[in-house]
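Peer 1: Below are the C-alpha cells for one structure; questions will follow.
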Amino acid sequence: MSQVLAEKKLAFAETVANLITEDDEPVDNVFSEKQQRLLAEPLYSSWTPPIEEGIEENPRNFLAAVNVGVFFSVNEYPLVPDMFLSLDIEINPERLAEEQRSYFVWEFGKVPEVVVEIVSNRKGNELTSKLRTYSRWGVTYYVVFDPMQELGETILQIYELGFGKRFRLRDDFVLPEVGLSLKIWRGRFENVEDDWIRWCDAEGNLILSGVERAEIETERAEFEHQRAERMAEKLRELGIDVENF
C-alpha cells in the first residue's frame with residue numbers, strides 16, 4: 001500500500017469516526033417500535049428475494065434494518081428511516097465495528113431500494129424534505145405509513161422513482177422491482193390488536209413472521225397426530241394389532 005493511499009484511508013477513518021451515528025433519540029411510540037420489527041423480522045424468517053437476471057448467487061443477500069442512519073455522503077446529514085431494505089450487499093462482520101453501525105452508501109456501493117417512514121406527528125417532514133431527499137438519493141421506493149392520519153386521509157402511500165429522480169405516487173401497494181407488496185392488516189402482534197402494514201410477496205401472499213410459521217407448524221403437527229390417532233382407533237376396531245402393524 002502506497003503512503004498516499006494509507007494516508008487517505010487514515011483520514012477517511014478519522015472522518016467516519018467523528019460522524020454521529022447514534023443520536024440516542026427514542027422511538028416515537030410503542031406502536032412504531034413494534035411496527036418496525038413487524039416489517040423487518042418476517043423478511044428474514046420467510047422471504048427469499050426474487051432471482052435477478054445476471055446475478056448467479058441464490059439466495060440473494062439483503063439487509064432489512066430498523067431505525068438505522070443512512071449516510072449518503074460524509075458532508076450530508078443522514079436520515080434515519082423507520083425501516084429500510086437493501087438488496088445484493090455484502091454483510092461483513094467488520095461492519096459491526098463502531099464506525100460501521102450506520103449504513104454508509106459509499107461503503108455498500110448503493111442506496112437501499114426501499115425506505116419506510118411511520119408518521120407519528122406532523123414534525124417528521126415525511127412528505128416534504130424527506131421525500132425530496134430520498135428521491136435525490138435515488139431510492140427506488142419510498143413508503144409512508146400514516147396510521148393516525150396526521151398528514152391527511154391517506155393511510156398508506158408508496159412512491160416510486162421515475163425519470164429525473166422524481167417520485168411518482170403509485171396507485172397500488174406493489175413494489176415490483178423487489179418482488180414485494182404491502183397490505184394493511186388487522187391483527188394481533190405481540191399482544192397488541194391494531195392495523196399494521198405487512199409485507200406480502202408478489203402474488204399478495206402474506207410473508208409470515210417466525211412466530212406465525214412456528215404456530216402453523218405446531219398446528220400441522222397436531223393435526224397429523226390426531227389423524228394418526230383416529231386411524232389407529234379404526235384399525236383397533238377392525239381387530240388389527242396396531243402396535244405390531
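Peer 1: Take Trp199 and tell me if it is more than 13 Å from Pro42 (Cβ to Cβ), touching a helix residue (DSSP H, G or I) at 6+ places or on another chain (Cβ under 8 Å) and buried (at least 18 other Cβ atoms within 10 Å of the Cβ).
Peer 2: No; evaluated as a whole, the condition is false for this residue.
Peer 1: I'm trying to understand the selection: among the residues of region 135-168, which are over 21 Å from Lys123 (Cα atoms) and of a type in the set (Ser, Thr, Tyr)?
Peer 2: Result: Thr140, Tyr141.
Peer 1: Still on this model: Criterion first (in contact with a strand residue (DSSP E or B) (Cβ under 6 Å, 6 or more places away or on another chain) and of a type in the set (Val, Ile, Thr)) does Ile216 satisfy it?
Peer 2: When the stated conditions are applied, Ile216 does not pass them.
Peer 1: Just to check your reading of the model, which residue among Val143, Val192, Val211 is β-branched (Val, Ile, Thr) and at pLDDT 95 or above?
Peer 2: Within the list Val143, Val192, Val211, the selection yields Val143.
Peer 1: Which members of region 139-186 meet the condition of being surrounded by fewer than 17 Cβ atoms within 10 Å (Cβ to Cβ) and on the phi > 0 side of the Ramachandran plot?
Peer 2: Scanning region 139-186 gives Gln149, Gly152, Gly164, Lys165.
The values are calculated or read from the model by the stated rules, or taken from the named source; none is laboratory data. Computed from a prediction, not measured in an experiment: that's the story for all the values here. Positions of Cβ are generated from backbone atoms using ideal geometry, with glycine treated the same way; all protein chains shown enter the neighbour counts.
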